[in-house]
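The values are calculated or read from the model by the stated rules, or taken from the named source; none is laboratory data. Only a predicted model underlies this, so the values are computations on that prediction, with no experimental measurement involved. All Cβ positions, glycine included, derive from the backbone under ideal geometry; neighbour counts span all protein chains shown. Just so you know, the surface numbers come from the protein's heavy atoms only, side chains and all, with ligands and any DNA or RNA stripped out. Shrake-Rupley method; radii C 1.70, N 1.55, O 1.52, S 1.80 Å.
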Amino acid sequence: MKFSEMPYERPDLEAAKAQCAALCGRIAEAQSAEAVLAAAREFDEMSRHISTLATLAEVRHTIDTRDTFYQAEQDFFDANGPALGEAQLDVTRALLASPFRPQLEQALGTLAFQKMEVDVKASSPAVLDLMAGENALVTAYDKLYASAQIEFDGKKNTVSQMGPYKQSPDRAVRKAAYEAEGAWFDAHRAELDELYDKLVKNRTAQAKALGYENYIPLGAIRMQRVGYTLADMAAYREQIKRDVVPVVAKLKAIQYARTGTADPKFYDDMFFFADGNAAPHGTPEEILAAGKAMYHELSSETAGFIDLMFENELFDVLSKEGKAPGGYCTGLPDYKVPFIFSNFNGTSDDVDVLTHEAGHAFADYIAAQKELPNILRSPGLESCEIHSMAMEFLTARHHEKFFGADTPKYELSHAEDALFFLPYGTMVDEFQHLVYANPDWTPDERNAAWAKLEGEYRPWLDFAGLPFYGRGAGWQRQIHIYEWPFYYIDYCLAQTVALQFFTASLRDWPDAWQRYLALVNEAGCKAYPGLVAAAGFESPFVPGTMKKLAETVGAWVEAQNEKLAAR
């Protein structure tokens, strides 16, 4: 069914809560494991349907945040979703308490019950009002961000539409673009500070109501971190500082030399080539057509996937006024299809969308073909991001469709950017640990902490008095910090595996693709460490993994840089 034809109606939440209560009773009174499994299947079907309706409302709201109907529906789910979630958790609690649990685990898998246990730890009736308040604050931030109209080049631009100017070969244009963008954020400084302050205090109150010292352990639980600990994460961050930052600093010096930048500033950081960054050729429609051809040629599995996406209008990727920022892939479980949302802006990011978000969508497409309970259709987010980031590299054979003669430039900058991201993404995570350990910090104290971390993770940057960025507030541009706390490190954990896919594909692409299919076909049936092992790669939590990986990718970047210089 085409996305535009998918019907939407506001779900009857009272009826859903009553159904959950009835299911709890049936599970408690069940005389056999099969009776419990029948109730679990009914619960799964109900949950999928409500999730589909909530997702339809959210996607249509983000496509046009000015649409008053879907704004009201988003507000409805923000306000009522936590109470429904708590009713659904009652069913989960009943399943966990069932005397038939051993038989249930045999039928559904041990990991399903580990995930259920994590979910139960994340909520209680005591925090429902706080959770609804958190949802409303997140929606307010999203709407504020989407409202950005930045005067530049004689036009009003969204934040996404400023992207090409920030990568212009003209250094003065880059600098002016960052200044204009920073000025918009500075103009909304009070609102941004107030929203985040309220979010931190709200989440801290939730954590304390649930018996935690602060939001950090609750945040890890809500991210469904299974198979590794907060101590493992801290050790990973230390590996990044110790073993990756020095390699990136060396490669940054090579980048600046390549662009002829003698005194690099922050606005030079994403400028990779003296004659301009590689940009996709053609109109957005031509880029989409090239993407369709790419997936047809990549494999039989991806050919069927991309036909489904095009035939059913399962993406909205053009940037336009009123559209929410960023990009995402989500699933519509009733229809067993994914949906891709993004904002094309004429840069290489557009191609990254066709590989990154389509990697998520492909995994959802594969999982939907399996008869799995909803809880096992998708792994943790750190594993979902492997699907997307690895796909970016595994499509390399087809990048010429987008970049033509500039393909070597794109591939060099893409590998550089993937490695350069690790210090930034890890810094975002450490910043959030500091913020939630100190929930009473003032906005200036938060900015000071960010500025200090910049010196540790990205010492090569000079912010040169830029508005917004120069005062240590650049973190406010990172949507995840407001909307999905502690998510961002998942990109780093996934990038670590994606870069191993990259190096494997250089040696033997067919083998790397089979490893990728093996990982994707596990869906959510293994936790992150098991999925990494399923692909035959090294865990980032093992000492020395990041040093070896950074040096391997760094050596490839240096070699490619020399090849380009010799052309």
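Determine whether Leu13 is surrounded by 18 or more Cβ atoms within 10 Å (Cβ to Cβ) and either touching a residue at least 12 places away in the same chain (Cβ under 8 Å) or not hydroxyl-bearing (Ser, Thr, Tyr) (or both). Before the answer, list the steps.
On the way: surrounded by 18 or more Cβ atoms within 10 Å (Cβ to Cβ): no; either touching a residue at least 12 places away in the same chain (Cβ under 8 Å) or not hydroxyl-bearing (Ser, Thr, Tyr) (or both): yes.
So Leu13 fails the test.
A single member of Thr68, Thr92 is among the β-branched types (Val, Ile, Thr), open to solvent by 20 Å² or more (accessible area, probe 1.4 Å) and either touching a helix residue (DSSP H, G or I) at 6+ places or on another chain (Cβ under 6 Å) or farther than 21 Å from Tyr328 by Cα (or both), and it is Thr68. If you take the residues of the stretch 249-291 that are of a type in the set (Ser, Thr, Tyr) and in a loop (DSSP other than H, G, I, E, B), which of them is nearest to Lys320 (Cα to Cα)? Once the filter is applied, the top-ranked residue is Thr283. Only residues that are among the polar types (S, T, N, Q), free of Cβ contacts under 8 Å to residues at least 60 places away in the same chain and part of a loop (DSSP other than H, G, I, E, B) were counted in the stretch 322-348, giving 0.
Could you say whether any residue in the stretch 512-521 is farther than 15 Å from Thr426 by Cβ and not in a helix (DSSP H, G or I)?
Kept after step one, since they are farther than 15 Å from Thr426 by Cβ, are these residues of the stretch 512-521: 512-521.
So of that shortlist, the ones also not in a helix (DSSP H, G or I) come out as 521.
So far as the stretch 512-521 goes, yes, one or more of its residues are farther than 15 Å from Thr426 by Cβ and not in a helix (DSSP H, G or I).
Considering the stretch 100-132 alone, what residues qualify as being modelled with pLDDT under 95 and part of a loop (DSSP other than H, G, I, E, B)? If the condition is that a residue be modelled with pLDDT under 95 and part of a loop (DSSP other than H, G, I, E, B), then Gly109, Ala122, Ser123, Ser124 are the ones that fit. In the condition set (1) in contact (Cβ under 8 Å) with a residue 60 or more places away in the chain; (2) part of a helix (DSSP H, G or I), His356 is compliant with all but (1).
Here Met1 meets the list (1) out of contact with any His (no Cβ under 8 Å at 6 or more places or on another chain); (2) assigned to a helix (DSSP H, G or I); (3) of a type outside the set (Asp, Glu) almost entirely, failing just condition (2).
Selection of helices (runs of 4 or more DSSP H) fully inside the stretch 440-509 by the criterion of at least 3 residues being of a type in the set (D, E, K, R) returns 443-457.
Looking only at the stretch 148-174, residues that are outside any helix (DSSP H, G or I) and surrounded by 17 or more Cβ atoms within 10 Å (Cβ to Cβ) come to 8 in all. Do you know which residues across the stretch 187-217 are buried (at least 16 other Cβ atoms within 10 Å of the Cβ) and of a type in the set (Asp, Glu)? Selection gives Asp193, Asp197.
Results for (1) of a type in the set (Val, Ile, Thr); (2) at pLDDT 95 or above; (3) closer than 24 Å to Gly326 by Cα, shown as yes or no for each residue.
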site	(1), (2), (3)
Ala367	no, yes, no
Lys370	no, no, no
Ala415	no, yes, yes
Pro423	no, yes, yes
Val435	yes, yes, yes
Lys452	no, yes, no
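Has the stretch 250-266 got at least one residue that is under 27 Å from the mean Cα position of the chain (by Cα), basic (Lys, Arg) and under 19 Å from Thr496 (Cβ atoms)? Checked the stretch 250-266: no residue is under 27 Å from the mean Cα position of the chain (by Cα), basic (Lys, Arg) and under 19 Å from Thr496 (Cβ atoms).
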